[in-house]
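Heads up: the structure comes next, in structure tokens.
The values are calculated or read from the model by the stated rules, or taken from the named source; none is laboratory data. Note that the structure is a prediction, hence the values are computed from the model and not measured. All Cβ positions, glycine included, derive from the backbone under ideal geometry; neighbour counts span all protein chains shown. For accessibility, only protein heavy atoms count, side chains too; no ligands or nucleic acids. Shrake-Rupley method; radii C 1.70, N 1.55, O 1.52, S 1.80 Å.
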Amino acid sequence: MCGIVGYVGEKNAQDFLISGLKRLEYRGYDSSGIVTLDKNGKTTCLKSKGKIAGLEAKISKNKRSDSIGIGHTRWATHGEPSERNAHPHRSGKIYLVHNGIIENYKVLKTKLEKFHKFTSDTDSEVLTALIDHFYLDGEYPLTNAVVQALKLIHGTYGIAVVSELNPNEIVVARSGSPLVIGIGHGETLIASDASALIGHTRKAIYLNDGEVATITAKSVEIKTLDSQPVSAKVETIKTDLTAIQKGGYDHFLLKEIMEQPTSLTETLRGRIDLNEKTVHLGGPNLSEKELKAIKHVIIVGCGTAYNAGLLASYYIEQFTNDITIEPVMASEYRYRHAHVPDHSVALIVSQSGETADTLACLRDLKSQGVKTIGIVNAIGSTIAREVDGGTYIHVGPEISVASTKAFTSQAVAMIMFGLTIAEAKGIKNSFIAPYVDDIAKLPNEIDNLLQSLQETIKTLAEQYKKYDHAIYLGRDVAYPTALEGALKLKEISYIDANAYPTGELKHGPLALIDDRFFEFILLPEDGLYDKSISGVQEVLARGGHIIVVTDSTDFSLPVENTVFITTKLKLLTPILMNLVSQLFAYYITTAKGLNVDQPRNLAKSVTVE
Ligand code: F6R
């Protein structure tokens with residue numbers, strides 16, 4: 001959600017800024033801009049509406065050799081996407097890029113209007129003017145002016161600020177929006193996401209909330225807003241360039257779907273014991289006694305992460321009847337007055353580790369004394385750092401806005417957490433062993449499915465791309481899978497897709513069935529297979545345009561299309577079915593000629609409320 005970059009050193013700042021912004025484009029892509037300063041403080045500010053390519057074209061006509069600058073790629077919150085609202089914003093001699101939301105901007109704007117002529121509709125320009133107000137044309141050090149201004153702000157921010165009066169220094173600060181400082185040789189880089197730094201340096205300092213850093217080519221000085229010095233911890237960025245490149249695929253989304261056999265293998269590495277048929281999750285930091293005492297598990301997430309949590313909850317409640325599971329959507333849960341029972345733990349699920357709603361729930365649950373356990377992908381992210389313990393899913397960078405490989409690994413990691421509780425509570429190994437076996441087989445089964453069904457699904461997508469509406473159906477574990485399939489389809493293909501439990505059809509959704517809709521029905525051969533077949537019959541009888549995805553060789557109803565899954569899994573088939581949904585959404589979107597990796601109106605990593 002918005003990307004920030006900055007450079008101070010000896011090299012060409014424009015080069016780093018544009019390459020960094022391209023890496024961060026998945027975080028926001030409605031407009032972008034950079035400002036660079038020459039040795040005398042003369043600025044070149046370039047902005048462009050739309051994709052980074054537009055900004056790149058402008059830069060190529062305005063090449064500068066400046067070696068300090070800041071840049072931004074925007075996901076609009078206040079004010080439409082336009083050059084006028086694009087960052088950097090200017091007030092007097094300072095320029096600012098901002099990620100986050102200034103909640104009290106209206107009050108501040110009214111007061112500042114006497115001093116500053118506002119030219120954009122953004123909350124970020126208000127912060128720029130406020131800093132400028134304290135800067136007094138350089139009478140006051142820039143860092144102090146930033147601190148004074150931030151003390152008056154309510155909301156979230158990751159910011160970078162430069163001044164024409166000191167073209168050797170960038171001031172950055174964070175509260176609720178990530179900022180990473182990369183330490184190079186004679187150069188310092190900044191970014192809102194470490195992926196922009198890869199290939200430039202492996203040494204990084206992750207700023208914490210409430211910290212401000214004054215950065216030059218050779219120094220980084222960090223303080224809190226109360227002027228307490230902070231001794232920074234330099235961490236190592238482990239990701240390499242290949243992980244953030246398309247690697248021969250047309251789109252990141254297809255790469256990430258096809259990567260799942262290996263990404264899931266990474267999630268499982270060292271955590272499954274096939275001899276003993278047990279799982280070993282070290283990260284949650286819970287003793288046998290603590291695991292045994294758990295009575296209630298709250299699973300918190302948004303969007304796909306929530307769907308993964310809901311799916312896992314259907315499994316975990318099968319493992320032991322000694323606990324209750326409560327999957328919740330973070331954006332709702334944070335404002336509910338939910339009662340948290342004694343002996344609760346919370347699983348905090350987030351690919352990016354930065355989602356504002358999820359983070360708010362984490363902080364709230366922690367303050368109530370609930371033990372929090374992260375199911376996170378992004379190493380060093382805010383959620384990963386704030387939870388009491390956690391299991392990284394290790395799927396590598398997920399760049400396409402639509403989440404795919406993270407879903408599979410989040411679901412499996414949570415199922416493993418459920419098995420860990422069951423083991424501690426003394427559930428018989430003979431009960432646990434089939435789940436462990438299925439989990440171990442999953443990467444290979446995913447590989448077989450992706451290889452065998454890719455072409456079939458591509459053909460199917462051509463047939464259904466003309467529809468504007470879709471209904472996804474599934475029962476039991478296949479219901480969260482249907483929810484996830486519908487989310488994937490709607491967010492990238494813009495087909496209005498909704499999911500229902502198959503058993504709910506007759507309570508309302510059946511009224512929708514007509515030629516404007518197609519129905520995507522997940523039909524695992526499980527204990528509810530015969531009942532789910534009735535659902536298929538009900539849709540068939542009303543002239544539905546049905547695709548059935550099933551692992552049953554008996555299925556023979558005359559639906560329009562059947563995708564047969566051949567699998568050795570006994571218990572985790574719905575997870576495999578989700579791969580069919582992922583491929584289907586991908587191929588419909590490419591068939592419609594839409595932007596697969598950066599769907600309209602969305603951005604990866606939702607760091608605003
Ligand atoms: C959908 C999607 C979103 C995210 C949600 C949570 O494809 O990507 O629904 O799952 O915004 O994001 P994280 O997992 O980063 O907290």
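Tabulated results
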read-out	value
Residues satisfying the stated conditions in region 248-292, i.e. within 19 Å of the chain's Cα centre (by Cα) and among the aromatic types (Phe, Trp, Tyr)	Phe252
Selection within region 306-326 - open to solvent by 10 Å² or more (accessible area, probe 1.4 Å), away from the ligand (no atom under 16 Å from the Cβ) and assigned to a helix (DSSP H, G or I)	Tyr314, Glu317, Gln318
Qualifying positions in region 27-63 - buried (at least 24 other Cβ atoms within 10 Å of the Cβ) and assigned to a helix (DSSP H, G or I)	Arg27, Leu55
Looking only at region 381-397, and only at residues there that are open to solvent by less than 10 Å² (accessible area, probe 1.4 Å) and of a type outside the set (A, V, I, L, M, F, W, C), the one that is farthest from the chain's Cα centre (by Cα)	Gly389
Every pair of residues 6+ apart whose Cβ atoms lie under 6 Å, when the first sits in region 514-537 and is within 16 Å of Pro574 (Cβ to Cβ) while the second is aromatic (Phe, Trp, Tyr)	Phe520/Tyr472
Residues within region 275-305 that are more than 16 Å from the ligand (Cβ to nearest atom) and among the hydroxyl-bearing types (Ser, Thr, Tyr), tallied	2
Where a residue in region 282-309 is in the same structural domain as Val340 (by TED's automatic domain parsing) and its partner, wherever it lies, is of a type in the set (Phe, Trp, Tyr) and open to solvent by less than 10 Å² (accessible area, probe 1.4 Å), with Cβ under 7 Å and at least six apart	Pro284/Phe417; Thr304/Phe407; Asn307/Phe407; Ala308/Phe407
Options Thr481, Thr502: the member that is in contact with a Gly (Cβ under 8 Å, 6 or more places away or on another chain), crowded, with 24+ Cβ neighbours inside 10 Å and closer than 14 Å to Val539 by Cβ	Thr502
Hits in region 343-379 - residues which are within 12 Å of the ligand (Cβ to nearest atom), of a type in the set (Ser, Thr, Tyr) and open to solvent by 10 Å² or more (accessible area, probe 1.4 Å)	Ser352, Thr355
Total residues in region 505-556, condition touching a Lys or Arg at 6+ places or on another chain (Cβ under 8 Å) and open to solvent by 80 Å² or more (accessible area, probe 1.4 Å)	1
Filter pass, Lys117 being open to solvent by 40 Å² or more (accessible area, probe 1.4 Å) and assigned to a loop (DSSP other than H, G, I, E, B)	yes
